[in-house]
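Shown next, in structure tokens, is the structure this report addresses.
The values are calculated or read from the model by the stated rules, or taken from the named source; none is laboratory data. The shown structure was predicted, so the numbers you read here are calculated from the model rather than taken from an experiment. All Cβ positions, even for glycine, are placed from backbone atoms using ideal geometry, and neighbour counts span all protein chains on display. Areas reflect the complete protein model, heavy atoms only, side chains present, ligands, DNA and RNA absent. Shrake-Rupley method; radii C 1.70, N 1.55, O 1.52, S 1.80 Å.
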Amino acid sequence: MTTKHPFHVIEGSPEQTNTDKLKKARKANPAAAHLLTCHRCGGSEVIETKVGMIFKNGKAQGGTKQILCAGCFMKGSRVVLA
């Protein structure tokens, strides 16, 4: 059986990723109140979806509207912004 190496903590902070840098930049320079930004990735591209719509007399009616982050949606996660 192989021997296990002892656990030790490396001093210092890890490198910042591009996402971390973007989040810091957005916090330092806040946008207008009406601009939506994703709390997970910091992006501002959105997709509007409606769930539960029905067609009545050839027109779409009803449904619940949700605003999703487009960047996170392309990566496979569903982040609801509004």
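Between residue 53 and residue 39, the simple label model (points 7 Å from Cα in the Cβ direction) yields a spacing of 2.7 nm. To the nearest 10, the accessible area of residue 9 is 110 Å² with a 1.4 Å probe. For GluC sites (Glu not before Pro), the sites in the chain that DSSP calls loop and that have at most 13 other Cβ atoms within 10 Å are 11, 15.
With a 1.4 Å probe and every protein chain kept in, tell me what percent of the accessible surface of the chain is carbon plus sulfur. Percent of accessible area from carbon and sulfur atoms in the chain: 56.
Checking every one of the trypsin sites (Lys or Arg not before Pro) in the chain against DSSP loop status and a limit of 15 other Cβ atoms within 10 Å picks out 4, 40, 75, 78.
Taking 20 Å as the straight-line reach from the Cα of residue 21, the aspartates and glutamates in range (excluding those fewer than 8 positions away in the same chain) are 45.
Excluding ligands, DNA and RNA, what is the solvent-accessible area per residue of the chain at a probe of 1.4 Å, expressed in Å²? Kindly include the intermediate steps, with their values, before the conclusion.
Numbers: 7340 Å² over 82 residues.
That works out to 90 Å² per residue.
Estimated purely from DSSP H runs of n ≥ 4, each contributing -39500 (n - 2.57), the mean residue ellipticity at 222 nm for the chain is -5000 deg cm²/dmol once divided by its residues.
Here are some values of Rg and Dmax of the Cα atoms in Å: [x] 30.3, 91; [y] 18.5, 52; [z] 21.2, 73. Which one was computed from this structure? Among [x] 30.3, 91; [y] 18.5, 52; [z] 21.2, 73, the one derived from this structure is [z]. In this structure the amide hydrogen of residue 46, modeled in the peptide plane, comes within under 5 Å of the amide hydrogens of 70, none closer than 5 places in sequence on its chain.
Relative to the first principal axis of the alpha-carbon coordinates of the chain, what is the inclination of helix 18-28, with its axis defined by its Cα atoms, in degrees from 0 to 90 and to the nearest 10? Its long axis makes an angle of about 70 degrees. When 22, 81 are compared by accessible area at a 1.4 angstrom probe, the order from most to least is 22, 81. Distant-in-sequence amide contacts of residue 40, defined by a placed amide H-H separation under 5 Å and a gap of 5 or more residues or a different chain, comprise nothing.
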